[in-house]
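**Student:** Right, I'll just put the structure down here and ask away after.
The values are calculated or read from the model by the stated rules, or taken from the named source; none is laboratory data. Computed from a predicted structure; not experimentally measured. Neighbour counts run over all protein chains shown; Cβ positions are idealised from the backbone, glycine included. For the accessible areas, the whole protein counts, side chains as well, though only heavy atoms, and no ligand, DNA or RNA atoms are used. Shrake-Rupley method; radii C 1.70, N 1.55, O 1.52, S 1.80 Å.
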Amino acid sequence: MSQVLPFYLVCDESGSMAGQPLDAINDSLPKIHSEIGSNPVVADKTKFCLIGFSDTAQVLLPLSDLSMISSIPALQVAGGTNYSSAFDLLYKTIGDDVAQLKNDGDQVYRPAVFFLSDGQPGDNWEGSYKRLIDQFGSM
């Protein structure tokens, strides 16, 4: 049985992120890939997922061992800032991923989530956030 830390990077791709903010994230993604993927101890314990969101959210890179993939997809600017779409997809994705990891016989640490946004959300996101935290905040 191996121990696994699911790591989720959730990034705002809305119009307000155009230019320097999104460029900075896209410039950092290959560095994250290299740092995690090239360190055997970290890569063995960490699985990485990239989620992008604007009006809707999508998994850009499913939970992966970064030592086994060649690159991380870049983010693209589109739409407005809808936090609830990100939190709802994160809720489903973490649930599915944790269930699969446990089914594979892994011991799963509480998922780590980094949420990057520069803007004010254009939606009522508090309910989606609370559901996410209530389910996975004390894992």
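**Student:** Leaving out same-chain residues fewer than 8 places away, which lysines sit with a Cα under 17 Å from that of LYS45?
**Tutor:** By straight Cα distance, LYS45 reaches LYS102.
**Student:** Related question: Select from PHE87, PRO30, PHE136 the residue farthest towards the positive end of the dipole of the chain; place +1 on Cβ of Lys and Arg, -1 on Cβ of Asp and Glu, and compute about the Cα centre.
**Tutor:** The residue sitting most towards the positive pole is PHE136.
**Student:** Okay, next question. What FRET efficiency comes out for the pair VAL42/ASP123, r = Cβ-Cβ distance, R0 = 35 Å, nearest 0.05?
**Tutor:** 0.50
**Student:** Starting at the first residue of region 79-93, write each ³J(HN,Hα) from the Karplus equation 6.51 cos²θ - 1.76 cosθ + 1.60 with θ = phi - 60°, in whole Hz, x for Gly and Pro.
**Tutor:** Result, ordered by residue: x, x, 9, 10, 5, 4, 5, 5, 5, 5, 5, 4, 4, 5, 5 Hz.
**Student:** Moving on. What percent does the relative contact order of the chain come to when contacts are Cα pairs within less than 8 Å and at least six residues apart?
**Tutor:** 35
**Student:** Another one. Ignoring ligands, DNA and RNA, what percent of the accessible area of the chain is carbon or sulfur (1.4 Å)?
**Tutor:** The nonpolar share, carbon plus sulfur, comes to 52 percent.
**Student:** Where q = 0.10, 0.12, 0.14, 0.18 Å⁻¹, what log10 of I(q)/I(0) comes from the Debye formula for the chain, counting one point per Cα?
**Tutor:** For the chain, the Cα-only Debye profile gives -0.33, -0.48, -0.65, -1.03.
**Student:** Taking LYS47 as the anchor, which aspartates and glutamates have their alpha carbon closer than 19 Å to its alpha carbon, excluding any fewer than eight residues away along the same chain?
**Tutor:** Candidates past the 8-residue exclusion: GLU35, ASP65, ASP96, ASP97, ASP104, ASP106.
**Student:** Then there's this: Treat each spin label as a single point 7 Å out from the Cα along the C-beta direction, and report the GLN100 to THR56 distance in nm.
**Tutor:** For the pair GLN100/THR56, the computed spacing is 2.0 nm.
**Student:** Using the heavy atoms of the protein chains and a 1.4 angstrom probe, tell me the accessible area per residue for the chain in square angstrom.
**Tutor:** 52
**Student:** Write down the percent of antiparallel bridges among all DSSP beta bridges whose residues are both part of the chain, to the nearest 5.
**Tutor:** Percent antiparallel among DSSP bridges in the chain is about 25.
**Student:** Let's test the formula: R0 of 25 Å, r as the Cβ-Cβ distance of GLN107 and SER34. What FRET efficiency results, to the nearest 0.05?
**Tutor:** It comes to 0.40.
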